[in-house]
Amino acid sequence: MKINLTKFIQRHLINCPFPAHNINITHCEARGNTTIIHFKGVEPLLITYSLCMVHKKLGEENFIRCHRSYIVNIQEIEEVNLRKRNFILKNGDSISISRRMLSDVTAYTADLSGFNNIKQLLKKSDL
């Protein structure tokens, strides 16, 4: 079944402040066969789509899978702590990186040095 996730989210959010091209999703969290989409400044939205489907619809180039239960918007990453295995988001949330995904995240973060909006990608103690 094809869905337009942007339109779906806007249709189900009351007074959605986001334009269609910029939803302001910080991260998504799996709960069984449902997904909780976390936004900046708006209550989370529970939808009945798998995290895998949401990841594909949002764009795998914009979100990184760091755990079986989480995908994170790369524009919202403030810090990556490989020793503690977590992302710190701009809103202060901490998202775990699983051991299984750690090597993928490490390889991915090595390519992120060009992003201006990530103030501190890796802590010096993690090198």
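The values are calculated or read from the model by the stated rules, or taken from the named source; none is laboratory data. Remember, predicted model here, so these are calculated numbers, not experimental data. Methodologically, a virtual Cβ is constructed for each residue, glycine included, from the backbone with ideal geometry; neighbour enumeration extends over all protein chains shown.
Listing for the model above:
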{"read-out": "Residues (over 22 Å from Lys90 (Cα atoms) and either within 10 Å of the chain's Cα centre (by Cα) or at pLDDT 90 or above (or both)) located in the range 29-45", "value": "Arg31, Thr34"}
{"read-out": "Tally, over the range 46-70, of residues that are farther than 18 Å from Ser94 by Cβ and in contact with a Phe, Trp or Tyr (Cβ under 7 Å, 6 or more places away or on another chain)", "value": "1"}
{"read-out": "Among (1) exposed (fewer than 13 other Cβ atoms within 10 Å of the Cβ); (2) of a type in the set (Lys, Arg); (3) at pLDDT 90 or above, the one test that Lys119 misses", "value": "(3)"}
{"read-out": "Residue in the range 82-104 that is at pLDDT below 90 and buried (at least 19 other Cβ atoms within 10 Å of the Cβ) present", "value": "no"}
{"read-out": "Filter result (over 21 Å from Thr35 (Cβ atoms) and of a type in the set (S, T, N, Q)) within the range 57-103", "value": "Asn81, Ser103"}
{"read-out": "Long-range neighbours under 7 Å by Cβ, at least six apart or interchain, first residue more than 18 Å from Cys28 (Cβ to Cβ) within the range 58-87, second small (Gly, Ala, Ser) and surrounded by fewer than 21 Cβ atoms within 10 Å (Cβ to Cβ)", "value": "Arg83/Ser125; Arg85/Ser96"}
{"read-out": "Of the criteria (1) free of Cβ contacts under 8 Å to residues at least 24 places away in the same chain; (2) under 15 Å from the mean Cα position of the chain (by Cα), which one Ala107 fails", "value": "(2)"}
{"read-out": "Residue list for the range 43-94, filter: basic (Lys, Arg) and assigned to a strand (DSSP E or B)", "value": "Arg65"}
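For every residue, the table says whether it meets (1) exposed (fewer than 12 other Cβ atoms within 10 Å of the Cβ); (2) closer than 18 Å to Ile97 by Cβ; (3) modelled with pLDDT under 90.
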{"position": "Asn4", "(1), (2), (3)": "yes, no, yes"}
{"position": "Phe18", "(1), (2), (3)": "no, no, yes"}
{"position": "Asn22", "(1), (2), (3)": "yes, no, yes"}
{"position": "Thr26", "(1), (2), (3)": "no, yes, no"}
{"position": "Ile47", "(1), (2), (3)": "no, no, yes"}
{"position": "Val54", "(1), (2), (3)": "no, no, yes"}
{"position": "Arg65", "(1), (2), (3)": "no, yes, no"}
{"position": "Glu76", "(1), (2), (3)": "no, yes, no"}
